[in-house]
Amino acid sequence: MRLVLYFSLLFFICSPAFSQIDSLSYTEFLDKVISEHPVVSQARLVRNLGDSEVQSARGAFDPRFVVDYKGKEYKGTEYYDLLDAQLQVPMWYGLKLKGGFQQNQGVYVNPQNQVPDAGLFQAGVILSLGEGLWINSRMAGLRKAQAYREQSKAEQQLLVNDILLKASFTYFEWVRAHEKLDIFEAFLENAHERFRGIKRGAETGDIAGIDTIEARLNIQKRRLQANQAAVDHRKTRLKLSTYLWDQDQPLLLQEQVTPVDTDVIIGDLISEIPEINLNIHPQLEYYRRKVQALQIEKRYRFNQLLPQIDLEYNFLSEEPDNFETFNSNAYKAGLKFSMPLFLRKERGELKIAEYELQDAKLELSLQDNQLQARINALQQQLQAFLEQIEMAEQMAADSNALLEAEVRKFNFGESSIFLINTRETRLIEARLEQLDLEIKYLKTQAEYLQALGGNAAQ
């Protein structure tokens with residue numbers, strides 16, 4: 001245990017200190033998180049991965065240079081020396097352009113492979129008239145990669161929003177601990193001042209001596225509360241430091257750095273609340289892009305039911321520099337037809353694609369309904385918290401008025417220190433209840449902002 005404490009202390013001693021400022025606002029904190037936190041950097045990798053997948057899918061359209069060379073020589077006789085070089089350019093839909101050069105020599109060259117001694121050039125096309133005409137594997141791969149890239153952008157936004165919500169909750173806990181400490185320190189100072197006044201009154205005989213004990217007990221109680229609040233404040237400050245980084249190095253938030261008031265934070269959050277527009281919500285966008293990719297997959301699988309009909313036509317010429325030599329009098333053409341008799345594999349894969357698409361559409365509808373219900377519930381909670389905060393403020397004001405009245409009565413000898421302490425305790429409880437409601441409101445407002453698909457750092 002001592003070893004763990006030692007390394008923990010060493011970690012914070014060696015960490016750069018976040019001490020160049022006296023206060024850290026909520027928006028400044030989130031800006032720091034979104035720019036430096038490792039989880040946010042990991043979220044960017046998700047988007048980079050989507051871009052890389054698109055780049056990889058575009059590779060199916062890259063021109064391809066193919067050289068096929070075969071030679072045979074036996075007992076001093078050159079049987080054959082065959083060279084076939086081609087440049088193939090895949091196009092959109094079921095079209096592929098090609099150009100090539102053939103040069104075949106030897107004693108036993110197959111007559112169909114005989115070409116002029118200088119070689120023969122060709123230029124032509126390969127066209128898929130059945131399977132692959134409107135959509136093929138390279139088209140489907142690129143379109144699905146583009147859909148998944150947009151899905152990765154939405155996933156990145158969701159990851160960033162999630163870490164910012166957790167960071168926001170931690171900041172609000174720090175605010176509560178800081179303001180709670182201020183409350184107890186202020187009342188501890190009041191207890192000291194009241195004790196000094198009572199002690200002077202007891203020495204002059206104006207106040208009963210027993211009241212000094214009651215006042216001293218109140219000091220001890222307030223000191224315990226302030227000490228516990230200080231411990232909680234240190235814990236929340238250290239927890240907040242886990243979200244502060246600078247160039248992959250953790251930062252330590254120093255004691256002199258304070259948060260802003262809750263009223264300022266509430267104002268910042270309210271100013272960042274966007275209009276409800278679920279059409280651009282990252283959570284729904286994630287599932288929409290998934291549906292889009294599965295629709296492309298279904299179209300591709302349906303296209304697999306068609307027969308494979310590949311038509312190839314090539315113009316031939318010995319003089320490629322003279323375009324007029326490429327004419328219909330010299331050509332090489334071909335037709336390839338194939339089709340499975342039962343199509344069991346193709347029909348099975350199409351059914352799988354249909355079921356996956358139905359599942360994704362149902363999931364999208366479910367997410368949409370749940371998101372709308374969550375937004376409505378959070379709106380109602382926010383309104384309820386505003387009403388409760390208003391009531392808590394009035395309770396705190398009334399408790400403070402009762403405390404001041406009790407102090408005046410005590411000064412006229414019509415009350416006791418016990419009643420003053422009781423009134424003060426109720427005032428503290430009212431202040432703490434008001435603070436708790438404000439923090440709950442802040443957390444709910446941050447959660448509402450996340451539910452809308454945004455964050456306060458945007």
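The values are calculated or read from the model by the stated rules, or taken from the named source; none is laboratory data. On a predicted model such as this, the values are computed, not experimentally measured, just so you know. Backbone-built Cβ (ideal geometry, glycine too); neighbour counts: all protein chains shown.
Couple of notes before you dig in:
- Residue count, segment 198-209 (criterion: of a type in the set (V, I, T) and at pLDDT 80 or above): 1
- Scanning segment 107-138 for residues that are touching a Phe, Trp or Tyr at 6+ places or on another chain (Cβ under 7 Å) and under 15 Å from F315 (Cα atoms) returns G119, F121, Q122, A123, G124, V125.
- Check on G454, more than 19 Å from I265 (Cα to Cα) and modelled with pLDDT under 90: no
- Index of the failed condition, W174 passing every other in (1) within 21 Å of S415 (Cα to Cα); (2) crowded, with 18+ Cβ neighbours inside 10 Å: (1)
- Test: residue in segment 323-333 that is among the β-branched types (V, I, T) and outside the structural domain of Y93 (by TED's automatic domain parsing): no
- Every residue from segment 242-284 that is of a type in the set (S, T, Y) and either at pLDDT 90 or above or not in a helix (DSSP H, G or I) (or both): T242, Y243, T258
- Per-region count, segment 362-419, residues basic (K, R) and closer than 30 Å to Y287 by Cα: 1
- When we screen L127, L83, L95 for residues that are farther than 30 Å from Y300 by Cα, surrounded by 15 or more Cβ atoms within 10 Å (Cβ to Cβ) and not small (G, A, S), the only hit is L83.
- Looking across segment 128-187, the residues that are acidic (D, E) and assigned to a helix (DSSP H, G or I) come down to E150, E155, D162, E173, E179, D182, E185.
- Candidates Y313, Y287, filtered to the one that is within 30 Å of Q122 (Cα to Cα), in contact (Cβ under 8 Å) with a residue 60 or more places away in the chain and either part of a helix (DSSP H, G or I) or among the hydroxyl-bearing types (S, T, Y) (or both): Y313
- Close Cβ contacts (under 8 Å, 6 or more residues apart or on different chains) running from residues in segment 364-387 that are assigned to a helix (DSSP H, G or I) to residues that are surrounded by 13 or more Cβ atoms within 10 Å (Cβ to Cβ) and of a type in the set (D, E) comprise L378/E447.
- Here segment 337-352 is the region considered, the condition is being in a helix (DSSP H, G or I) and within 30 Å of E312 (Cβ to Cβ), and the residue that is farthest from the chain's Cα centre (by Cα) is R344.
- Taken over segment 298-343, the criterion of being surrounded by 13 or more Cβ atoms within 10 Å (Cβ to Cβ) and small (G, A, S) is satisfied by S317, A330.
- Summed over segment 344-363, the residues that are crowded, with 17+ Cβ neighbours inside 10 Å and under 24 Å from L452 (Cα atoms) give a count of 1.
- Matching residues, segment 364-388, being among the acidic types (D, E) and over 23 Å from G453 (Cβ atoms): E387
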